[in-house]
1. Just the residues that are more than 8 Å from chain A (Cβ to nearest Cβ) and touching a Gly at 6+ places or on another chain (Cβ under 7 Å), please, taken from the range B:92-102.
2. Restricting the range A:141-152 to residues that are over 15 Å from residue A:93 (Cβ atoms) and not charged (D, E, K, R), which is farthest from the other protein chains (Cβ to nearest Cβ)?
3. Testing residue A:57 on (1) surrounded by fewer than 22 Cβ atoms within 10 Å (Cβ to Cβ); (2) away from chain B (no Cβ under 12 Å), one condition comes back false. Which one is that?
4. Specify the residue that is farthest from residue A:189 (Cα to Cα); the eligible residues are those in the range A:130-158 that are touching an Asp or Glu at 6+ places or on another chain (Cβ under 7 Å) and touching a residue at least 60 places away in the same chain (Cβ under 8 Å).
5. Can you work out which of the residues in the range A:73-89 that are closer than 11 Å to residue A:161 by Cα and of a type outside the set (D, E, K, R) is surrounded by the fewest Cβ atoms within 10 Å (Cβ to Cβ)?
6. I need the full set of residues from the range A:60-80 which are within 7 Å of chain B (Cβ to nearest Cβ) and of a type in the set (D, E, K, R), in order please.
7. Quick check on the range A:81-91: of everything there that is touching a Ser or Thr at 6+ places or on another chain (Cβ under 8 Å) and more than 8 Å from chain B (Cβ to nearest Cβ), which residue is farthest from residue B:56 (Cα to Cα)?
8. Being acidic (Asp, Glu), farther than 21 Å from residue A:112 by Cβ and within 12 Å of another protein chain (Cβ to nearest Cβ): is that true of residue A:42 here?
There are 2 protein chains.
Amino acid sequence: MKLYGFWRSLATYRVRIALRLKGVPFDEISVDLLAGEQLNSDYDAVNPQHVVPTLIDGETRLFQSMAILEWLDETHPEPPLLPRQANERAYARALALVTIADTHPLTVPRVRKHLAEALSLDNAGVEAWGAHFIAEGLKTYEKLFEQRPPAPYALGSQVTVADLAVAGHAAGAGYFHVNVKDYQRFAALLDTLMALPEFADSHPLRQPGAPKAA
Amino acid sequence: MKLYGFWRSLATYRVRIALRLKGVPFDEISVDLLAGEQLNSDYDAVNPQHVVPTLIDGETRLFQSMAILEWLDETHPEPPLLPRQANERAYARALALVTIADTHPLTVPRVRKHLAEALSLDNAGVEAWGAHFIAEGLKTYEKLFEQRPPAPYALGSQVTVADLAVAGHAAGAGYFHVNVKDYQRFAALLDTLMALPEFADSHPLRQPGAPKAA
């Protein structure tokens with residue numbers, strides 16, 4: 001498969017982990033979001049929304065990371081990224097969406113650009129914006145993990161989409177200098193996840209093009 | 001079932017449509033987001049993220065609208081809200097996520113509050129912010145619908161989660177005074193959807209508590 005992505009993209013990170021967990025070989029094509037390459041006309045043909053990732057499987061063009069994760073789980077069932085039981089599947093998805101829907105989209109390049117250009121926010125202002133919403137997400141995760149502690153993964157013995165999303169949220173915290181250690185259960189889960197090579201090798205800062213430090 | 005929601009909430013709107021399409025009876029409990037009721041300690045016990053909707057089915061507490069829609073489709077399969085074939089399911093979900101992940105979370109009360117309080121934006125500024133991202137979503141939908149015209153629904157003959165999301169996006173356009181008529185294919189799909197009683201009766205402006213005009 002072909003994955004249009006970018007080293008820094010948290011949505012690409014989630015998909016990269018899933019592909020590795022499923023053992024699906026892929027080639028990643030970099031679309032430099034910081035240089036605005038997602039707005040080029042040749043990428044418009046790939047993804048009219050001008051975002052990454054886009055996953056290409058033959059003639060099939062898949063976009064939106066959550067839709068890609070669900071598709072991968074349906075077409076490559078082993079190992080599953082969702083539990084079997086409906087209530088558990090819903091909880092795994094809801095945990096994932098705390099960041100995929102309610103946090104990460106607030107911090108992406110097109111939003112940071114709008115904050116800087118339309119609202120004249122300086123770099124410190126943009127960083128404070130991102131840090132605020134990342135911290136809100138961390139507070140939510142911490143409360144949910146207090147109610148139901150990870151054991152050892154978010155849903156229990158099986159890695160699910162919730163864990164992929166947590167790893168992405170943590171990488172986002174790094175970008176905006178939010179210390180995840182202030183959120184004990186979240187931080188402990190993150191340590192567990194980052195011990196898995198599929199998570200560690202997929203991390204934004206380990207990709208070609210990434211700077212040596214965040 | 002019990003649905004904690006709010007007349008104005010687009011995420012509640014999506015779930016309301018799904019419950020009606022599935023023929024699942026429900027009582028809606030209003031959490032007044034504009035008055036900050038979502039931050040009350042009794043709602044914190046229901047939804048630690050302090051957002052609506054939350055769907056209660058016996059002992060099961062479900063949150064995040066996309067996770068609720070998937071759960072409803074798994075536990076109440078008829079009529080299905082997703083196609084059968086994996087590529088089509090992915091396309092339906094991706095269309096839904098254009099607004100559920102990439103637009104709607106940018107316009108919710110907690111973000112508008114942050115724009116007003118932390119960034120000192122006045123009402124006009126907050127409205128311009130919302131209108132910008134709603135219009136971005138409409139542009140994406142219009143391009144996708146040019147590539148694959150709705151016939152008559154987004155995915156074809158069957159109503160899917162994509163249609164629920166489109167209806168929510170359109171209601172959001174109303175809040176921010178963005179004219180959907182400028183997006184022809186989107187507007188035509190919306191007309192088709194609003195002719196269905198499950199969509200029309202679930203519309204925010206038809207709920208108890210809604211003002212007479214938007």
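The values are calculated or read from the model by the stated rules, or taken from the named source; none is laboratory data. In this text, all values refer to a predicted model and were calculated from it rather than measured experimentally. Methodologically, a virtual Cβ is constructed for each residue, glycine included, from the backbone with ideal geometry; neighbour enumeration extends over all protein chains shown.
1. B:99, the sole residue that qualifies.
2. A:152
3. Going through (1) surrounded by fewer than 22 Cβ atoms within 10 Å (Cβ to Cβ); (2) away from chain B (no Cβ under 12 Å) one by one, residue A:57 breaks only (2).
4. A:155
5. We begin by selecting, within the range A:73-89, every residue closer than 11 Å to residue A:161 by Cα; these are A:73, A:80-83, A:89.
If we keep only those that are of a type outside the set (D, E, K, R) as well, we get A:80-83.
Working: A:80: 16, A:81: 25, A:82: 23, A:83: 18.
Taking the candidates together, the pick is A:80.
6. A:70, A:74
7. A:81
8. On the way: acidic (Asp, Glu): yes; farther than 21 Å from residue A:112 by Cβ: yes; within 12 Å of another protein chain (Cβ to nearest Cβ): no.
It is false that residue A:42 is acidic (Asp, Glu), farther than 21 Å from residue A:112 by Cβ and within 12 Å of another protein chain (Cβ to nearest Cβ).
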